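All remarks here apply to the structure that follows.
The values are calculated or read from the model by the stated rules, or taken from the named source; none is laboratory data. Quick caveat, the model's predicted, so the values are computed rather than measured. Note: ideal-geometry Cβ built from the backbone for every residue, glycine included; neighbour counts use all protein chains shown. Keep in mind that these areas ignore ligands, DNA and RNA; they rest on the heavy atoms of the full protein, side chains included. Shrake-Rupley method; radii C 1.70, N 1.55, O 1.52, S 1.80 Å.
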Amino acid sequence: MITIKNLHASVDGKEILKGINLDIKAGEIHAIMGPNGSGKSTLSSVLAGKDDYEVTEGEVQFNGKNLLDMDAEDRAREGLFLAFQYPVEIPGVSNINFLKTAVNEIREYHGLTPMEGKDFLAMVKEKQKLVELDGKLTNRSVNEGFSGGEKKRNEIFQMAMLNPKLAILDETDSGLDIDALKIVANGVNTLKTKDNAFVVITHYQRLLDYIVPDFVHILYKGKIVKSGGKELALELEAKGYDEVKAKFENQ
Amino acid sequence: MIAEKSHTAQYIIEKISPSAGKVAFMNDTVLSKALLFLEKNGMPSNKYEDYKYCNVDAILKKEFKNIEQKFNQQVSVDAFKIADTYTLVMLNGHFSSTLSDTISEKGLHLSALSNMPELAKTKLGSIANVESDAFIAMNTAFSADGLYIKIDKNTVLSKPIFILHITAALSECFVNSRVLIDLEEGASASIYEEQILIGESKAFTNYLSEKFIGRNAKLNTCLIQSQSQLGYSVNTSQVALQADAHYDNTTITLNGQLVRNNHNVELLGENAQAHLNGLFTANGTSLIDNHTLMDHRVPHCESNELYKGIINHKGIGVFNGKIFVRKDAQKTNAYQSSKNILLSDDATVNAKPQLEIYANDVKCSHGTSTGKIDENAMFYLNARGIGKESAKKMLLSSFAQEVILKIENPELQEKIDQAFTNQI
Ligand SMILES: Nc1ncnc2c1ncn2[C@@H]1O[C@H](COP(=O)(O)OP(=O)(O)O)[C@@H](O)[C@H]1O
Ligand SMILES: [Mg+2]
């Protein structure tokens, strides 16, 4: 699905990602954990194509294509999805219009005709149910006045609508109560197939009780310092990051 | 010295006066005052504070060297009509009864200025002072035979009026066009206007409207400016509100090489309210300049202004909002806001609030902001597969909605929304 090799990225001349290597295959769920400021969101943004970041070294292959050569919109059209840690409020742009444009531009990229209005609305209804998102919210402006939990569920709703090949969930669980967390996890588990993959970025093991990862990686100071199975998350939960920090402080 | 100053004005007068003829509806004293003012002051250049960013004299000198006043009189208006409105057509500054709808509605009186009732003539020019601005003077001295609209006491118009201003120029032209709107006590009307240009020639329009809004009367207006990049215009709107009167205006400037709007509102009776909204796009080398004056003369009045601009390429946007609160105008509420988006490095905007407050118990606020497209919002849309161009359109259109939503008439709102989306 995606192969990241020796990825280095900087912002304003400051190196944040210092050689990331990661290989994700279809059907897999990877969790990335790590203390604040490690570079988790930077990695997500670099992959999604935010141009504040400069890639100084390395390469990323996404389903056989050079991801780093593509504009953000083309990465999305190729099937990459980022659930933002901080979803952006866009006053004056209705959620529904936004989604319709997104769905149809992605379809156009793949040579498909725009979706029929009623089919689109039926899909909206179905996917809304999946994340238990209030129907009223879809008629409002994108994320405007949404609560923290509503914003996160809206990200998962969008994910469900766009049906990506690779979805990166950047701390989608942070700040969610247990019910909302279950809803998000249920969304992911329902959408998961053998043909797609998920990267779940989180601080907390509790999400991983619901979304069970095949691999867990620890990102620290811009590098993946440790990888393992789902037991690594439990270990981290028990011991905290101190051991990791102490061990890799000087690298 | 005087000859130098008045050069442009004299040139224009020379070119337009043969076809303008004598302005029969204007009284002689006012006429000679207007001419004298023009002779003394010429056309405004950037030496005047009010025209600092809008050197009309220089633009006229450069772009209108061959004024020939050749007009096309054969135009078709059907394509421009708005459903469920009375269409009135001003062709090359003249009210055209043949192109206009035939209307018979009780309490509504329409005529060319030359046919207006004798009694009404005293109103003409009474709030447009020829010694305050060269364009008022020019218009007063050389106006074509414009339009007079009067709405009787307590009459509520059954349909909005749509005034279509067409300039159909076959050569470089300079058009002076004029409208007088008079709402008697308790009358209520919606009057929409659009300015268009037909043909391949540059045209300069000097449009003047006087609006009298009687006690407890309500006038809802909208002006769409879509003269294309061949259009140059100075539009002066003089408005006088009596007690409890309401005035709403939304001015949408879609294009134009030069558009200068002078919107001067006098709040003359207590509890009057005026709302001015504006939205413009300045592309290419357009200069779009909105100057407003809210003159609070009496207590307990309210005014609101919201102007938004999107400036691209080498476009220039100007907003100058003067709020004048006279000594007696206690309990005034006056708000003003100007927001602009610059789409290129060469685009500029000059936004200036100008508050002169002589009363002590008032609420006044103003704010201006100028920024770029929100990059985080842009990235969010791109990250969902929405391309740069459509994402830009979405964000600009959302920026504009605040103004577009002020337009009450759904047909008109839709028309403007469409036109605006095509423009950005
Ligand atoms: N746009 C930016 N400008 C400057 N510094 C940044 C920017 N984005 C991230 N950083 C810095 O990079 C480091 C990693 O940040 P981030 O990727 O957000 O970490 P995490 O998501 O793991 O908490 C932090 O030190 C942060 O301050
Ligand atoms: Mg983060």
- Query: Taking +1 at the Cβ of each Lys and Arg and -1 at the Cβ of each Asp and Glu, which of B:L108, A:Q128, B:I12 sits farthest along the dipole of the protein assembly as shown towards its positive end, judged by Cα position relative to the Cα centre?
  - Reply: B:I12
- Kirkwood Rh, the protein assembly as shown, all Cα pairs: how many Å? 28.5
- All Cα pairs of the range A:163-221, percent lying beyond 12 Å: 68
- In this structure, the FRET efficiency calculated for B:K159 and A:S227 from their beta-carbon separation, with R0 = 51 Å, to the nearest 0.05, is 0.10
- Task: Could you tell me whether the range B:23-113 comes out rounded, prolate or oblate from its Cα gyration tensor? Rule is a ≥ b ≥ c as square roots of the eigenvalues, rounded for a/c under 1.5, then prolate if a/b exceeds b/c, otherwise oblate.
- Result: prolate
- Alpha-carbon spread of the range A:40-142, three principal axes, descending order, Å: 45, 32, 25
- Note on the structure: Diffusion coefficient in µm²/s returned for the range B:374-424 by Stokes-Einstein, Kirkwood Rh over C-alpha pairs, 4 °C and 1.567 mPa s, is 111
- Message: Show me, for the range A:3-14, the HN-Hα J-couplings you get by feeding each phi into the Karplus relation (A = 6.51, B = -1.76, C = 1.60, θ = phi - 60°), rounded to Hz, glycine and proline as x.
- Response: 10, 10, 10, 6, 7, 10, 9, 10, 10, 6, x, 9
- Quick one: accessible area per residue over the range B:70-373, 1.4 Å probe, rounded to a whole number of Å²? 34
- Item | Net charge, B:T87 excluded, C-beta distance under 12 Å - Lys, Arg +1, Asp, Glu -1 | -3
- Whichever lysines have a C-alpha closer than 17 Å to that of A:K100, once near sequence neighbours (fewer than 8 apart) are set aside: A:K118, A:K125, A:K127, A:K136, B:K388, B:K392, B:K393
- Message: No solvent, one uniform scatterer per C-alpha: report log10 I(q)/I(0) for the range B:70-373 via the Debye equation at q = 0.07, 0.08, 0.14 1/Å, two decimals.
- Response: -0.26, -0.34, -1.06
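Under the rule of -39500 (n - 2.57) per DSSP H run of 4 or more residues, summed and divided by the residues of chain B, what mean residue ellipticity at 222 nm is obtained, to the nearest 500 deg cm²/dmol?
That calculation yields -6500 deg cm²/dmol at 222 nm.
So what's Rg/Rh here for the range A:147-186, counting alpha carbon atoms and using the Kirkwood radius for Rh?
Computed over Cα atoms, the ratio is 0.95.
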- Task: Under 29 Å Cα to Cα from B:K123, which lysines show up? Leave out anything in the same chain fewer than 8 places away.
- Result: B:K15, B:K22, B:K33, B:K40, B:K106, B:K150, B:K153, B:K159, B:K211, B:K218, B:K322, B:K327
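In cubic angstrom, how much convex hull volume per residue do the alpha carbon atoms of the range B:270-424 span? The partial results should precede the final answer.
Values: hull volume 17.7 nm³, N = 155.
Normalising the Cα hull of the range B:270-424 by residue number yields 114 Å³.
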- Estimated Rh, the range A:121-251: Kirkwood, alpha-carbon pairs, angstrom: 16.1
- Tell me what chain A gives for mean residue ellipticity at 222 nm when only DSSP H runs of n ≥ 4 count, each as -39,500 (n - 2.57), the sum divided by the residue total, rounded to 500 deg cm²/dmol. -11500 deg cm²/dmol
- Note on the structure: Taking max minus min of the Cα coordinates of the range B:209-325 on each principal axis, largest first, gives extents in Å of 44, 21, 16
- Taking the Cα centre of the range A:2-244 as the origin, how large is its charge dipole in debye, to the nearest 20, when only Lys and Arg (+1) and Asp and Glu (-1) carry charge on their Cβ atoms? 440
- Item | Charge dipole of the protein assembly as shown about the Cα centre (unit charges at C-beta), most positive-ward option of B:F379, B:T236, A:V88 | B:T236
- Item | Equivalent ellipsoid semi-axes - Cα gyration tensor, the range B:9-59, angstrom | 24, 14, 8
- To the nearest 0.05, the calculated FRET efficiency linking B:K52 and B:I127 through their beta-carbon distance, R0 being 25 Å, is 0.50
- Task: For chain A, just run the numbers: alpha carbon Rg, then divide by 2.2 N^0.38 Å, N being how many residues it has.
- Result: 1.00
- Specify, per residue and in Å³, the volume enclosed by the convex hull of the alpha carbon atoms belonging to the range B:220-273. 51
- Carbon and sulfur: what percent of the protein assembly as shown's accessible surface (1.4 Å probe)? 48
- Neighbours of B:I316 by Cβ distance under 14 Å: Lys/Arg at +1, Asp/Glu at -1, summed charge +1
- Item | Given 12 as the ceiling on other Cβ atoms within 10 Å, longest exposed-site-free region of chain A for GluC sites (Glu not before Pro) in DSSP loops | A:117-248
- Give the Rg (one decimal place) followed by the Dmax (whole number) of the range B:259-324, computed from C-alpha coordinates and expressed in Å. 14.0, 44
